[in-house]
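Quick notes on the structure that follows.
All of the numbers you see were taken from the coordinates with simple rules; none came from a lab. No experiment lies behind these values; they were computed from the predicted model shown. A quick note on method: Cβ atoms are made from the backbone with ideal geometry, for glycine too, and the neighbour counts reach across all protein chains shown.
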Amino acid sequence: MTLDETIKRTEELAELNENQARVYKEQGDTMGYLSYEECAKEHRRLAEWLIELKAYKDARPTSRWSRQTDTYHDYYECENCGIGVGLDDVRNYCPDCGAKMEEDAECRL
Ligand SMILES: [Zn+2]
């Protein structure tokens with residue numbers, strides 16, 4: 001499931017819970033109403049956080065891992081911020097500046 005799909009599904013669940021809360025409210029079932037209303041609020045809040053996460057992910061810079069060699073070992077350097085990491089710590093994002101790494105022919109992620 002992608003982040004976009006998760007946002008959409010979470011919003012759908014919020015709406016389903018809001019609709020069910022409305023039904024219970026019309027029936028005068030306070031406990032049922034409060035239960036679904038709480039669930040709807042939690043899903044709305046979760047959807048807001050996921051949308052915020054998507055905005056952060058979309059706004060981050062892109063970079064590449066650049067292979068470096070010093071006297072003792074090989075390592076990879078983020079071209080955006082210059083932090084060096086060992087091969088085991090190479091990810092599809094930089095742990096220091098958060099840049100999203102473009103795939104590199106020399107360093108498959
Ligand atoms: Zn970086």
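Worth a mention:
- Nearest-ten-degree value, helix 30-59 long axis tilted from longest Cα axis of the chain: 20 degrees
- Two-site FRET efficiency, D96 against R67, from Cβ-Cβ distance with R₀ of 22 Å, rounded to 0.05: 0.80
- Nitroxide proxy distance, nm - points 7 Å out along Cα→Cβ at R22 and D74: 6.1 nm
- Between the Cα long axis of helix 3-27 and the first principal axis of the chain there is an angle of about 10°, rounded to the nearest 10.
- Helix-only CD estimate at 222 nm, as mean residue ellipticity for the chain, using -39500 (n - 2.57) per DSSP H run (n ≥ 4): -18000 deg cm²/dmol
- Options M101, A59, I83, ranked by Cα towards positive dipole end of the range 24-109, top entry (Cβ charges): A59
- Whole-number percent relative contact order across the chain, with pairs defined as alpha carbons under 8 Å at least 6 apart: 19 percent
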